[in-house]
Ligand SMILES: C[S@@+](CC[C@H](N)C(=O)[O-])C[C@H]1O[C@@H](n2cnc3c(N)ncnc32)[C@H](O)[C@@H]1O
């Protein structure tokens with residue numbers, strides 16, 4: 001897993017009692033972004049869904065309820081978040097195949113293609129965004145959508161992702177998406193700190 005051995009913030013690797021509290025707060029603050037993301041995916045009617053950094057699993061649950069894919073997958077490197085999200089999704093297990101795995105953006109499942117892929121406030125933790133975006137592109141089905149929601153950072157950010165530190169994260173992310181072969185289909189400021197980008201492959 002990338003950059004093991006250094007100290008992680010609670011946002012990057014929620015853990016323990018504080019991590020549980022942080023996860024709950026995060027889920028409350030990000031509600032508008034979860035709903036916006038689901039609305040972007042609705043036209044795709046995804047049968048398969050993959051999320052990078054699912055945290056407490058609120059967006060996974062909303063996707064399960066509103067879009068009812070046959071396959072719901074995700075990776076998150078925090079064992080606590082995997083446990084919390086697995087519990088949250090338990091009641092959907094009879095209706096769809098659910099795989100919520102411990103792993104980060106460098107360890108995506110290989111069982112594509114996926115009709116819908118999302119990453120909400122985890123981009124800033126990807127150490128090699130170009131490599132991850134190329135991987136996501138290779139996993140996305142034709143006609144599928146990738147929804148990237150940025151948690152905006154300023155120049156003084158210590159985020160591992162170099163694009164999150166460059167002062168204009170939105171432009172940098174759009175360029176990286178285009179360099180990876182994505183077409184930007186839309187974008188919107190969701191809240192003061194959240195900016196959503198919808199990308200496809202043609
Ligand atoms: C700020 S939280 C956002 C969680 C969730 N997406 C939400 O909005 O509720 C960031 C999440 O990304 C996960 N994360 C950290 N590094 C990651 C990486 N390299 N790849 C994927 N996820 C990562 C963390 O464990 C954490 O659950």
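The values are calculated or read from the model by the stated rules, or taken from the named source; none is laboratory data. Predicted, not measured: the structure shown is a model, and the values here were computed from it. Positions of Cβ are backbone-derived with ideal geometry, glycine not excepted, and every protein chain shown enters the neighbour counts.
For residue 150, are the conditions met, namely being touching a strand residue (DSSP E or B) at 6+ places or on another chain (Cβ under 8 Å), more than 21 Å from residue 45 (Cβ to Cβ) and crowded, with 23+ Cβ neighbours inside 10 Å? So residue 150 passes the test.
Residues considered: 74, 24, 55. Of these, the only one that is within 23 Å of residue 192 (Cβ to Cβ) and in contact with a helix residue (DSSP H, G or I) (Cβ under 7 Å, 6 or more places away or on another chain) is 55. No other residue among 136, 184 is closer than 26 Å to residue 67 by Cβ and in a strand (DSSP E or B) apart from 184.
Do you know which of the residues in region 144-155 that are part of a loop (DSSP other than H, G, I, E, B) and touching a helix residue (DSSP H, G or I) at 6+ places or on another chain (Cβ under 8 Å) is farthest from residue 200 (Cα to Cα)? Here the residue is 155.
For residue 19, the requirement of being assigned to a helix (DSSP H, G or I), within 12 Å of the ligand (Cβ to nearest atom) and more than 17 Å from the chain's Cα centre (by Cα) is met.
Among the residues here, residue 38 qualifies as under 13 Å from the mean Cα position of the chain (by Cα), under 16 Å from residue 190 (Cβ atoms), away from the ligand (no atom under 11 Å from the Cβ) and assigned to a helix (DSSP H, G or I).
May I ask you to verify whether residue 106 is without any contact (Cβ under 8 Å) to a residue 60 or more places away in the chain and within 15 Å of the ligand (Cβ to nearest atom)? No, not satisfied.
From the list 167, 144, 189, the lone residue that is surrounded by 14 or more Cβ atoms within 10 Å (Cβ to Cβ) and farther than 21 Å from residue 8 by Cα is 144. Per this entry, residue 141 is not counted among residues that are assigned to a loop (DSSP other than H, G, I, E, B) and either at pLDDT 95 or above or under 17 Å from the mean Cα position of the chain (by Cα) (or both).
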